[in-house]
Every structure is written in structure tokens, then in C-alpha cells.
Amino acid sequence: MPERLAEMLLDLWTPLIILWITLPPCIYTAPMNQSQVVMSGSPLELSRLSEQRILNRSKRGWVWNQMFVLEEFSGPEPILVGRLHTDLDPGSKKIKYILSGDGAGTIFQINDITGDIHAIKRLDREEKAEYTLTAQAVDWETNKPLEPPSEFIIKVQDINDNAPEFLNGPYHATVPEMSILGTSVTNVTATDADDPVYGNSAKLVYSILEGQPYFSIEPETAIIKTALPNMDREAKEEYLVVIQAKDMGGHSGGLSGTTTLTVTLTDVNDNPPKFAQSLYHFSVPEDVVLGTAIGRVKANDQDIGENAQSSYDIIDGDGTALFEITSDAQAQDGIIRLRKPLDFETKKSYTLKVEAANVHIDPRFSGRGPFKDTATVKIVVEDADEPPVFSSPTYLLEVHENAALNSVIGQVTARDPDITSSPIRFSIDRHTDLERQFNINADDGKITLATPLDRELSVWHNITIIATEIRNHSQISRVPVAIKVLDVNDNAPEFASEYEAFLCENGKPGQVIQTVSAMDKDDPKNGHYFLYSLLPEMVNNPNFTIKKNEEQLIQKAKNHPLREMCAEQGRQTHHLRRGKRKHREDNSLSILAKHNGFNRQKQEVYLLPIIISDSGNPPLSSTSTLTIRVCGCSSDGVVQSCNVEAYVLPIGLSMGALIAILACIILLLVIVVLFVTLRRHKNEPLIIKDDEDVRENIIRYDDEGGGEEDTEAFDIATLQNPDGINGFLPRKDIKPDLQFMPRQGLAPVPNGVDVDEFINVRLHEADNDPTAPPYDSIQIYGYEGRGSVAGSLSSLESSTSDSDQNFDYLSDWGPRFKRLGELYSVGESDKET
């Protein structure tokens, strides 16, 4: 216990002793033989100063410099800071000392007689480090200044009364795992409010209280570094380090402050992926849809983020062509999918070797690899009832357009791939054969012709054949069948258009009047070739002759530019030599005049029949007539007028003028029709108001019924459509979606039955209805007369005769029934007479 107390006293007085040694003295100017200074800082109040300095006097009696006082020093009485004295003071109490400035009177007090300055409050250097005051000596009685005022400074001496502080703590830092020894993590900074210039109160030294042996710190710079190499994040991810900052250079008695630093190890790719199991088993039905996920495999990686990303591949096995594997970046696993169809009957199981490899590899840790792993996947194919399989994915059949009905066009075959091998039934999808032009044998799949074909109407027919298992009708397959109709020579050639030739009266012999061409709806393999001729009786026609046109072909040597030019035009040039010419008929015909001097006055129209024959087997021919008109032409051969034009148009009128005349005539006709219509329109005469005619609001109803309560009219559309009454649907103009066999014994009702006949039929049915009531029975209607002022007008329900009726109430119904009341009243008077 005494030793502990001695250490505490030593820690308390050590800074004061150091301050005592280093403290400068309070200096003032006084007479050389009277100069005295008292220093603060001694443990005994009013002790003598340890050093006195006597300065030579210049112009005035005193000069103040500076004084010092310890901060935070407190005692039973005020602390003596220093003493002021002037050589004008004889010591007879005739001079008074006055103190003014910072803290005068509140913090510092002066003895006006002796000049002693005391600090009456505890001072804090961190709040204010120095005070500027002014001292002046005045006459005690008159208060007149004896010398000019003089400033001096009182500085507060620092003591170690503030501990270091970490203003930005607690701290957080990261460092990659597997870092080498001495890797810098971060640095921290502490501050001390004490004076950094005076003493060691603000000199800090850093150390680690908690966190060894993983981290170290530089004592002066506070840089924190790793103290161990290859720290593993997977073993421990986070570390807590406690850091201390101590002043007084770390010596005993200094104050300290602490903070915490949380160090997190960041991940690096230092771990390879690893499959959870070495063998995986999956099963899949053989009829599964392509692209279906069969199973998932996953390789675990202790790393995180992109360092744990792995790609999956199939590197070996007997199913590499049938299966594929894709990587799921979200779940970090591999998905095995079906790539091609499976067949249980062909192969029942497959084995795959799957590899998982890291995507991002750090070369610094390549020695810890390889960063990949493999696993085996066994896939078992399960048997399923499969639909029939056609021998070909598509069929192409050909048939001549003159093929006989029920002739076989072709055949499709299909089989059941299952082990049970169910029989197959074939049919045609009638949605693809709406006109039912083809049939198929349900057993052997032979396609036959049901209706005649015409290549000129349709060259291709596309139908769909359906194969259905007899044991399981839900198992069906479809295959497209394209049927091409082959051409036969069944159409004779004819003119390509309606030709009409014009011949000038002054034409020359051999002049081409018209060039015609022919067309044939058939399509021979080697193209069309037409023969033209005149009728036998017109072979020696004296006026006209015909000539088959030819096209001229030029064949040049190989690689000559003209050869390529001819080839681009589709000409046959491979039999021609350099400089040789060849002529080929182009299937057109020229009509030439044999002589000149045609006269349209004698004959204005010539008819020239021409026989056109094709090259088919058998060849077909037709006769087309060319009309040739004789026209008047100018000297250069331009047609000016023909007989047909002269007959239609007056001389000197053009086609535009004729159109204008016709438009005027039509306009006049329209005006006349409008005029006649307006003249026939007559205004209806005014209705002469009768004395008995009471006109109020006249309401016209489009349909008239049985009284005020009858608001339901019959449907006139029903009467106008008797076919709808008989229950038959109107005819569709489009082909039905499904084909049905016609029903036997039902004849359609003829369209055109009028309303009168329909009503007579319904009347006959009502007359012969045994459930109908007799004619003399009273029919009671539940709502008759309800809501009407007149009530029921039925006479059958009345118990009185007509003679007992009193119709006087009709006069009370208003002007509308006034005339009716008068009629009934007249009738009663007649009976009485």
C-alpha cells in the first residue's frame, strides 16, 4: 500500500516538477538595486522567485513583458501570478497600481498597493491560452498617471489534462483473404486537445490491445497491417481489433483513448467447385418434349459472388448428341435438357460425364487448382405409348390430269414404334381436302383419285394424311402429302389476244399488216411450238399470206463477251461457232399483204381464218379468225380514218367532242325527269273540319293490335321466311368445316312459299287439332280490359242481352266517343218506336 501511494504521488508531481524547471521567470523593469520578481507555479504560495534579472532603465520607470500560470491549478487561496513594481514607488503607499484588460477583476486581481497579481479562478488552456492586460501606476491621492500604461501577457501553461480521442471511430476496413504478411489494411488517427508544442502532453503513441496475432500497428503513423499471411475467409471472415492511443509519448502517467476496428476479409477464388455426389440418376419418358429439363446437378463452391460461378459441360458419354446442359447463374447449378428425341426401343439408358469449372480463375492461386470437378449422370429412358411414325416426313406424288377415277396415285406407310406394335388406320384430314378429290385405303395407305383433276385449274394439291393406332385412338400422327398434277395435251392453242389488223389502201406488197402470237393453257416439258396455216380452201388467198417469224442467234467463241451476253438472255448458243448465225422460230406469225391498191369502198373488212396447231401428243389445233380493216392512210403510212370509225363518228368530230355531246344529252335527260317528278307532286287538300270532328292529338301507330294493352306485335320476319319455320337452316355459301354424309329421307323445303300458303297450312292444322276448344266455349283472358277506362268489351261474358245494355256512359268518355254514343242512342230510340 505505501508503494502504491508513492507511485500515485510521483505521477501527480512529475509534470509539475518538469514545468518548474522549464518555466521562464516573470520579468519586469525596476531600479537596479530594488528589482524583485515572484513566480507562480511553486507549491508554496508567495515563495520567492528562483531567478531575478535587472535590466537597464531607458525612458520610463517600468516595462512589462509576460507572466505564466499553470492551468487547472487550484488551492485554498488565490494563486500568485506575479508582482508589479516601479522605481517611482518610494514604499510610502503614495502609488496605486491599476490592472485592466482580459479577465481583469474577474480572473486576475491586483493588490493596488503591492502590485501582486493573483488568479482567483481555475484556468483552462484549451479554452483560452493567454490573456492580454494593461498595467498603470497612478498617484494614490489624485489618480493621475505617473507613467504611460504598459501591456503585458499572462500565458496559461499547459498540463496533461486531455486524453486522446478517435473522432472517426469505430472504423471498418477490408482486406483480401490470402494476403501476404504486412499487407496494409488501413490507418486510424487520434487527436489530443493539449498543447502539441509544449511538453509531451500531445505526443501520441498507438498500440493494439486486442487483435493479435492477426494484425499489427505502427506506433507513430497508426498504419494497421496484417501480421499473419494467408488468412482464410472460409475459416474466419471478420476480426475485431481494439486500438489504443496514449499521450506523453506512451510513458507512464499518460492519458489514453481507445477505438475499435472491424476488419472483413474479402473473397478471392481460392476454392474449386465440388459436386455434392459423384453419381446422379435421372429417368425420362421417351415421349418427352424436346427442351424439357430432365434434372439438375450442382457443384458447391466455398467462395462467393463471381468467384463461385461455374459453367457446366458434358465432356463425355454416349448421350452427348441427345442431351445438353446449361448453367443457371441464379441457382449456380447445371440443367440437363433433352436435345433430340428418345426411343425406348432403340436404347434404354445413357451415361454422361458432366464437368463443372470456375468461370473466373485468379492466376495467383492457380497452384491451388484445378478449379473444376466432374460427376457421372445416369439417365434411364422409360417406355411410353408413342404415336405412329411415317416412313417419310413428307411425301411427293405425281398424277396425270387425265388419270382415271379410283386409280392409285401413291402410298404412305407408317408403323407403331412401340414393342406391342398396334395396327395403323389411315385417313385424310378433310380440312385439307374440302372438295374430296382424293381417297385413302384405311388399311394399306394407298391414295386414290376420287374426282377428275385439271392441271389448268390447280397444279398442286396439298393434303394431310392421319395415322391412328387402332388400340389407342389418342395416338395419332400427321404427314403432309404434296400431289403434283402432270400436264397432258388437252387444250388447243389460240390467239394470245383478240387481234384486229388495219391495212392502208396505199400499202405496199409484202408489208407486214399484223404480228400475232398464240397461247396454250398446257405446259409441255420442252416448251410450246406452234404451227400456223391457212384453211385448205384459202391456201391460195389472193390478198394475204402468212409467215412464221424467226429470231436470229449469234454464237461467238469461248470467253468472248457476246457469249456471256447471249447466255444472260437465255439463248441456246452452245452449238454455234464464231461468226455463225442460227435462226430459231419464236412462235409468232406475221400477216403480209400480197398486193397494193386495196379499196375500202369495194370491201372494207377481210376475215382471215388461221389454223393453230401445237406439238403435243396427240396434237391439237384450233381456228382463229383475224379481222383486217381497210383504212385511209397518209403518205407516210399513218392511219387517218377507217370505215368503222367513220361509221361511229360524224365527219370532223373527235372522240372528246363525242363524249362532251353525250354528257350534255344525259344532263338534259336528268333535268327533264326532275321537272316531270315535280309536276306530278300534288299537295293534299286541306281537311274540312266537321262540326262533329273533334281533333286532338292524333297518334299514328305503325302496327295495329288489339287495344291499348296490346303492345306485342307479331314477327313479320317469321311469316316472310317459311323455311325457318320448318326448322331448316339457311344455306351457307362457304364450305363447311366438317363434311357429313347427306341424310336420307329428308327433302329440303322449297324456297318461295308465300305467306298466304303458310297461313292456310297453319289454319288447317288448327282446325284439325283435337285438343282445340269448341267454338262456342267462353274464352276468358286474364288481363282483358285491365287498365282501360272502357273495361272489357267482350259480349260473351255478359249476362244481359243487347237490348238490356245502356250505352249512356259513352257520352261521359269525352269527345272521342261522342259520335259512338250518339249512334247507340239512336239505335235505342228506333227500337222503342
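A short reminder: the numbers here are calculations on the coordinates, not readings from a lab. Predicted, not measured: the structure shown is a model, and the values here were computed from it. Neighbour counts are summed over all protein chains in view; Cβ atoms, including those assigned to glycine, are modelled from backbone coordinates with ideal geometry.
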Between Glu382 and residues 5 or more places away or on another chain, the pairs with built amide H atoms under 5 Å apart involve Val284, Glu286
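Quick one: divide the alpha-carbon radius of gyration of the range 274-382 by 2.2 N^0.38 Å and tell me what you get. If you can, show how the numbers build up before the last one.
Details: Rg = 15.0 Å, N = 109, 2.2 N^0.38 = 13.1 Å.
Ratio of Rg to 2.2 N^0.38 Å for the range 274-382: 1.15.
Of all DSSP beta bridges in the range 66-157, what percent run antiparallel (nearest 5)?
Within the range 66-157, antiparallel bridges account for around 80 percent of the total.
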For the range 194-239 and the range 256-281, what is the centre-to-centre distance using only Cα atoms, to the nearest Å?
24 Å
Set Lys340/Lys378; Lys508/Lys547; Lys225/Lys372; Lys121/Lys246, cut-off 24 Å on Cα-Cα distance; pairs above it are Lys225/Lys372; Lys121/Lys246
Show the residues, 5+ positions off or on another chain, whose built amide H is closer than 5 Å to the amide H of Ser179.
Asn230, Met231
Separation of the Lys93 and Lys594 label points, Cα + 7 Å toward Cβ, nm:
18.1 nm
Under 5 Å between amide H atoms, partner at least 5 residues away or on a different chain: which partners does Leu397 have, H built in plane at 1.01 Å?
Ala482, Ile483, Lys484
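What number, in percent, do you get for the relative contact order of the range 274-382 if the mean sequence gap of Cα pairs under 8 Å and at least 6 apart is divided by its residue count? Each step should come with its number before you reach the end.
On the way: 240 pairs, mean separation 40.8, N = 109.
For the range 274-382, the relative contact order is 37 percent.
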Using θ = phi - 60° and the Karplus relation 6.51 cos²θ - 1.76 cosθ + 1.60, list the HN-Hα couplings for the range 405-422 in order, rounded to whole Hz, with x at every Gly or Pro.
4, 6, 6, 7, 8, x, 9, 10, 10, 8, 9, 8, x, 6, 5, 5, 6, 6
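Out of all DSSP beta bridges in the range 389-486, what portion is antiparallel? Express it as a percent rounded to 5.
Working: 22 of 28 bridges.
Looking only at bridges with both residues in the range 389-486, the antiparallel portion is about 80 percent.
Using just the Cα positions, wrap the range 389-486 in a convex hull and report its mean projected area in square nanometres, one decimal place.
Details: hull surface 23.4 nm².
Dividing the Cα hull surface by four gives the mean projection, 5.8 nm².
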Apply the Karplus parameterisation 6.51 cos²θ - 1.76 cosθ + 1.60, with θ equal to phi minus 60°, to every residue of the range 222-227 and state each ³J(HN,Hα) to the nearest whole Hz, in sequence, with x for glycine and proline.
6, 7, 9, 10, 6, 9
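Thr625 to Arg471: FRET efficiency via 1/(1 + (r/R0)^6), r the Cβ-Cβ distance, R0 60 Å, to the nearest 0.05? The partial results should precede the final answer.
Values: r = 68 Å, r/R0 = 1.14.
The formula returns an efficiency of 0.30 here.
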